[in-house]
Amino acid sequence: MQTLTHFINGKQVEGRSGRFGDIFNPATGDVQAKVPMANAEEVDAAVGFAKRAQPSWAAMNPQRRARVMMEFVRLLQRDMDKLATALSSEHGKTLPDAKGDIQRGLEVVEFCIGAPQLLKGDYTDSAGPGIDMYSMRQSLGVVAGITPFNFPAMIPMWKFAPALACGNAFILKPSERDPSVPNMLAELMVEAGAPEGILQVVHGDKEAVDAILQHDGIAAVGFVGSTPIAEYIYATGCAHGKRVQCFGGAKNHMIVMPDADLDQAADALVGSGYGAAGERCMAVSVAVPVGEGTADALVERLVPKIEGLRIGPYTAGDELDYGPLITGDAKQRVLGLIESGIKQGADLVVDSRNFSLQGYENGFFVGPHLFDRVTTDMDIYKTEIFGPVLSTVRASSYEEALGYAQDHEYGNGVAIFTRDGDTARDFANRINIGMIGINVPIPVPLAYHTFGGWKKSAFGDLNQHGPDAFRFYTRTKTVTSRWPSGIKEGAILNFQSME
Ligand code: NAD
């Protein structure tokens, strides 16, 4: 059986801790490979290499770093099929979905090619007599990223591409569930021209994460994953004096107004609710139709579409709708939540609990489920299910629907489907959620905007990618300069303007 390596200082390095994790084939349930779990010594070794490599990388002009990014984009395009196959084989998502995962990461790398423009400082000529003032953005040094299983290509790239473009060295601790693609990305970055030690991958679990959080040589940590871990990493990283940004879980609502195009809304709900088996932080998991008539008509449209979804292993073809969940534990957790929904009184209008796929009976597949008449006290409403389960919460008015999304503890994404511009505008202005779709179900901002939620979906004050990433991965230094020019003022003891 294959045992993965870490990627340290430009080389594949075997794990030395003696601890290994299982990488499953989620379609069959078999263990297909092992992943090493790093200990503090292995993390420390990576930090040492990063510290040695980083100063000359930071001193390189930003255009040359941008050229490495450009070459990296070309290599990603060259290896797209290979990367997508490796991604699907460990994650389980369909091949077109895996390519989308890589593409949305690649677009952030493309944005980072603009580093020379984005890193330009500010300059004030003659801020005072003979005085000039300028600000510059400098790299932080060695930074780290801890990423989730659900986008094993995109989210690592969201983290390391801007960090590298800003002149930092980056240590990636990807999800231990699907760790192969992160290794392949780091190898491609070296092929693209990044010096060894500038992008390293250290695999592991809490032990490796804690070593990162406690390491004095790491200046900043970016995290994406579930909310309890995001809170832990934010608090621990800040307590160790690091700059930290953490992005957590979600429960994204889609409000369907009576004037919405209901066919379009139903398609949007099926695509965003069940795509990637519901394992997306921007999945819509709650539909909120306004009015009983809207709800009845929407559910009537949803049922046949959901029952018609094609589920299978990625090898079965590109026309599949979604694949298995990531692990057997994830499957059991989702099935348990479905049982709780039934027990707590929701109507299970699409029930796939008996779903089974011939030849893949031990795989982590879960058929699609639809609950109607869900109420806010139920566990299936309060919890991020992260599976192919959509809930319908019926609202009697726009204000009531808005209130559901506003009052939920998560605030990642939200959508409204309506033909009324006034309602859409009011919604976008009043809702306390970070990313809003108007007749768009998964409003993931493009690379040149920023991505981030509110409330329990994000901790820290800057978003991911876009201009915020360049702020997060740099610090500002401001220089006030006066060259000797015959000005003699004598000693000034009062605090005063220099104008
Ligand atoms: P997770 O929190 O289990 O794991 C994320 C990372 O944290 C992994 O690298 C993992 O090894 C590490 N980790 C796990 N337990 C830890 C612990 N006790 N101490 C320290 N580190 C630990 O998340 P996941 O299951 O991989 O990903 C799914 C979650 O990520 C969902 O909640 C989803 O909404 C969220 N997510 C959020 C965004 C966003 O931008 N807001 C994007 C994608 C995914």
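The values are calculated or read from the model by the stated rules, or taken from the named source; none is laboratory data. Since we're looking at a predicted model, the values are computed, not measured. Here the Cβ positions follow ideal geometry from the backbone for every residue, glycine too, while neighbour counts run over all protein chains shown. Just the protein is used for accessible areas: all its heavy atoms, side chains included, with ligands, DNA and RNA removed. Shrake-Rupley method; radii C 1.70, N 1.55, O 1.52, S 1.80 Å.
By DSSP, the beta bridges lying fully in the chain are antiparallel in about 45 percent of cases. Expressed as a fraction of 2.2 N^0.38 Å, the C-alpha radius of gyration for the stretch 1-117 is 1.30. Other residues with beta-carbon under 12 Å from the beta-carbon of Ser175 carry, at +1 per Lys or Arg and -1 per Asp or Glu, a net charge of -3. Surface composition of the stretch 201-316: carbon plus sulfur atoms hold 53% of the accessible area, using a 1.4 angstrom probe and ignoring ligands, DNA and RNA.
Summary of packing: across the peptides 188-195, 368-375, 438-445, the per-residue average of other C-beta atoms within 10 Å ranks them, highest first, as 368-375, 188-195, 438-445. Rounded to the nearest 20, the Cβ-based charge dipole of the chain about its Cα centre (Lys and Arg +1, Asp and Glu -1) stands at 1740 debye. If you plug the beta carbon distance of Thr85 and Gln344 into 1/(1 + (r/R0)^6) with R0 = 35 Å, you get a FRET efficiency near 0.30. Taking a spot 7 Å from the Cα of Gln32 along the direction of its beta carbon, which residues of the stretch 74-96 have an amide N less than 20 Å from it? Within reach of a label on Gln32, which here means backbone N under 20 Å from a point 7 Å along Cα→Cβ, the stretch 74-96 contributes 79-96. Report the calculated FRET efficiency for Ala59 and Asn494 (r = Cβ-Cβ distance, R0 = 56 Å), to the nearest 0.05. The computed FRET efficiency comes out at 0.90.
Each principal axis of the Cα cloud of the stretch 252-438 was evaluated for its coordinate range; sorted largest first, these ranges are 52, 33, 30 Å.
Take the Cα of Asn432, step 7 Å toward its Cβ, do the same at Arg419, and the gap between the two points is 3.4 nm.
Each peptide in 470-482, 207-219 was scored by the mean count of other Cβ atoms within 10 Å over its residues; highest first, the order is 207-219, 470-482. Its residue count N sets the reference 2.2 N^0.38 Å, and the alpha-carbon radius of gyration of the stretch 112-191 equals 1.51 times that reference. Close amide-amide hydrogen proximity is noted between Arg394 and Arg373, Val374, each under 5 Å apart and 5 or more residues distant or on a separate chain (H modeled in the peptide plane; Pro and chain starts excluded). The fraction of accessible area contributed by carbon and sulfur in the stretch 1-108 is 49 percent, rounded to a whole number (1.4 Å probe; ligands and nucleic acids excluded). Only the Cβ atoms of Lys and Arg (+1) and of Asp and Glu (-1) were treated as charged; on that basis the dipole of the stretch 252-438 about its Cα centre amounts to roughly 380 debye. Comparing Cα centroids, the stretch 258-323 and the stretch 346-361 end up 16 angstrom apart.
Could you compute the net charge surrounding Ser88? Neighbours are other residues with a C-beta less than 12 Å from the C-beta of Ser88; K and R count +1, D and E count -1. Taking every other residue near Ser88 into account, the sum is -3. Based on C-alpha pairs under 8 angstrom that are at least 6 apart in sequence, the stretch 368-445 has a relative contact order of 25 percent. Each principal axis of the stretch 148-196 carries a Cα extent, and these read 28, 19, 14 Å when sorted largest first. Ligands, DNA and RNA left out, the 1.4 Å accessible surface of the stretch 364-441 is 43% carbon and sulfur atoms. Expressed to the nearest 5 percent, the antiparallel share of DSSP beta bridges inside the stretch 252-438 is 15 percent.
The alpha carbon centroids of the stretch 375-398 and the stretch 156-234 are separated by 34 Å. The spread of Cα positions in the stretch 451-499, taken along each principal axis and listed from longest to shortest, comes to 56, 22, 14 Å.
For the stretch 252-438, the relative contact order comes to 29 percent (Cα pairs under 8 Å, sequence separation of at least 6). In the stretch 187-300, the C-alpha radius of gyration followed by the widest Cα-Cα span (Dmax) gives 21.2, 62 angstrom. The Kirkwood radius of the stretch 313-355, taken over pairs of alpha-carbon atoms, gives through the Stokes-Einstein law at 4 °C and 1.567 mPa s a diffusion coefficient of 106 µm² s⁻¹.
In whole percents, the pair-distance distribution calculated for the chain from its alpha-carbon pairs, binned every 20 Å from zero, is 23, 51, 22, 4, 0. Pairs of Cα atoms nearer than 8 Å and 6+ residues apart set the relative contact order; for the stretch 67-195 it is 31 percent.
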